[in-house]
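Here is the structure we will look at.
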Amino acid sequence: MGDIIKLLPDHVANQIAAGEVVQRPASVVKELLENAIDAGSKAIKLIVKNGGKTLIHVVDDGLGMSETDARLSFERHATSKITKAEDLFKLSTKGFRGEALASIAAIAHVEMQTKLADAEVGTHLKIEGSKLIFQEVGAVPKGTSMAVKNLFFNIPARRSFLKSDTVELRHITDEFHRVALAHPQIGFHYYVNGGELFGLPISNLRQRIVHIFGSKANQKLVPVAEDTQVVKISGFINKPAFAKKSRGEQFFFVNNRFIKSPYLHHAVVSAFEGLVKPNSHPGYFLYLDVDPASIDINIHPTKTEVKFDDEHTLYAILRSAVKHSLGQFHVAPPLDFEADPNLETPYAYKNKEAEFPKVTVDAGFNPFSESKSKSAGVATKSYQRAGKPNSGEQSWESLYVGLESKMGKDEGFSSIQFESDTITGSIFDGQSEAIESTAKTFQLRRKYIVTTIKSGMVVIDQSRAHQRVLYEKFLRNSTIKQAVSQQLLFPLSLSFSKADVTVLVEIKETLNAVGFVFDTMAEESVSVSGVPLLVTESEVGMVLDQLIADCQQEVTGENFSQTDILSKTLAKTLAVKTGEVLESASQLALVNDLFACKEPLVSPFHKPVYVTITESEIDKKFI
Ligand code: ADP
Ligand code: MG
């Protein structure tokens, strides 16, 4: 056989490289913004249409390029940022691989206009799928404008792999936040589908954070500052009390580059230990400056992973710096109302070792508990969230009071009626089992409810059971045109970041459908005047936080409707948890409600809800 090895043509090689560099529209945004920053821009504009699928346009006022460079910039390994291997160890630019533009041009329609500051005229060129369509001299503004259209136009498989516009836009916005947070000394404007989403003036870091995350962000911030030979740490952490259900506001920057580092993340989280509730996440914006020679950014094509020479030392310094700030925050004298206590270190503490703040955590604390049993000293809970202890018969129907008056029983209502209308009769109707009419329930280890059935016994996971009940209830409510909503006496005004409000606006209709009523939705706050029947006023903020977090986490797979996601989130957030004591009436009500569900066997998250153990299985154990 003869020689069979061939070199791949450039455009094929570029397409392959593009697979690594460009995963989704947000990757293009990152590369273009980084190029604009490397070009020394002071003002950068980002324009996006349809989640970046139809257009990503970045306009900067930076250096610009010469005519030759303009064409050359689209070649693979064409870069002005390094010239020799050693340069890799003293990087001060974002880019250096010279791959981004070549990759992007291989899989999209790209139009560029660029002009050097002191040149008379500039260059206008167009490339589609690595093919130069035209290049001409033209009168264009100083700086560079790069428009990327129809991403993945020549790779339909990749294009169809993209998520909805909403999800892709969220990734883009995340990327925008990261770049904007790393460069407060640059002004940014971000337009989405014709409207301005963010206008960020040149500012300091604190102002930049506030501009992005809303005016409420200011009061949450505690500065962190540590200067050692190995690393200089600066930035802010959020006060522990503001820890969120979602992991949204967590940012590391190394030499002004956003990076992901589970290891360093752990260092920060461990400093917060004991100060935040389990499952809530402290926010942070931390900037590490290290000698470029001591890191290797080259280990990931998207350059979000960094290898440090001395990770252990960095871990220890970071952890102690965060602890130190938390310590300061706790010891700051609260008497001086004028001064911002977060900004000052009391003189006496300046040279002292940071002390770990002592915080007593009530291990039994449960934010969901509404009543405390005084005698036992443990939280007991009425399973019915309306607060009244309920007998089995009353159980869930009481929650629909008012519904019948709004809806005629006939029109469409029957289709969504629960089987449990016959709840007082045989609960397991249509199934082979039946809870004995004299059944007693028993709570095992504050986790399971045990009860008897004809053929033996059933062990029910209380939290999953309640999730199932609530889930079906919310789904049902939202199917009814007029959701069951309770009016709040005074509308609640809640603060959110702009991005969070955008999410709420997107899912507003669905929120209405489950019973939320919004009076106003402003840029950074919403006013809520009605909430779903099962949500208490104090839970509204937390529930909305969780909803936003879940929507952001792309649970929005194509197969799920918003209603479904919302119902799941509400069910998860509001369900009784493991560890909660349930009164016997509540136990029985929960059991009855569960078996009135359409699918009592599995939780909304596809976990088993109960197991049955038959008499014969028990008998066998006694042989
Ligand atoms: P890299 O950034 O790794 O060098 P890119 O493919 O992103 O590779 O860009 C190639 C080159 O094109 C850069 O090195 C730079 O010289 C030039 N370039 C790209 N974008 C811009 C811009 N917005 N302004 C000025 N020059 C740019
Ligand atoms: Mg680049």
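Values in this text are rule-based calculations from the coordinates and carry no lab data. Please read all numbers here as calculations on a predicted model, not as lab measurements. Positions of Cβ are backbone-derived with ideal geometry, glycine not excepted, and every protein chain shown enters the neighbour counts.
Ranked by how many other Cβ atoms sit within 10 Å of their own Cβ, fewest first, the residues 57, 606 fall in the order 606, 57.
With a Förster radius of 51 Å applied to the C-beta separation of residue 279 and residue 10, the computed FRET efficiency comes to 0.55. Relative to a virtual label point 7 Å from the Cα of residue 196 in the Cα→beta-carbon direction, which members of region 44-80 show backbone nitrogen distances below 15 Å? Backbone N within reach: 44-48. The local environment of residue 17, defined by Cβ-Cβ distances under 11 Å, has a net charge of -1 under the rule Lys, Arg +1 and Asp, Glu -1. For the pair residue 90 and residue 3, a Förster radius of 56 Å applied to the C-beta separation gives a FRET efficiency near 0.85, rounded to the nearest 0.05. For region 578-623 and region 196-269, what is the centre-to-centre distance using only Cα atoms, to the nearest Å? After rounding, the separation between the Cα centres reads 45 Å.
Simple spin-label estimate for residue 218 and residue 23 gives 3.7 nm between the two label positions (7 Å along the Cα-to-Cβ direction from each Cα). Footprinting exposure proxy ranking of 259, 104, fewest other C-beta atoms within 10 angstrom first, gives 259, 104. Altogether, the Stokes-Einstein calculation at 4 °C and 1.567 mPa s, with the Kirkwood radius of region 10-200 over Cα pairs as Rh, returns a diffusion coefficient of 78 µm²/s. Once the Cα-Cα distance is subtracted from the 0.36 nm per residue extended length, the residue 50 to residue 454 segment shows a gain of 139.6 nm.
When the C-alpha to C-alpha distance is required to be over 28 Å, the pairs from 49/572; 244/473; 30/81; 30/163; 45/81 that qualify are 49/572. Taking Cβ atoms as reference points and 13 Å as the exclusive limit, the residues near residue 133 contribute a net charge of +1, counting Lys and Arg as +1 and Asp and Glu as -1. Here region 436-623 was treated as a single set of alpha-carbon atoms; its pair distances binned every 10 Å from 0 give 9, 32, 29, 18, 8, 3, 1 percent. Here the mean projected area of the convex hull built on the C-alpha positions of region 1-73 is 7.2 nm².
One decimal place: the segment residue 43-residue 270 gains 77.9 nm when fully extended, by the rule 0.36 nm per residue minus the C-alpha distance. By the beta-carbon count within 10 Å of each Cβ, the least crowded to most crowded order of 284, 315, 263, fewest first, is 263, 315, 284. A straight chain from residue 119 to residue 521 at 0.36 nm per residue would run longer than the Cα-Cα distance by 140.0 nm.
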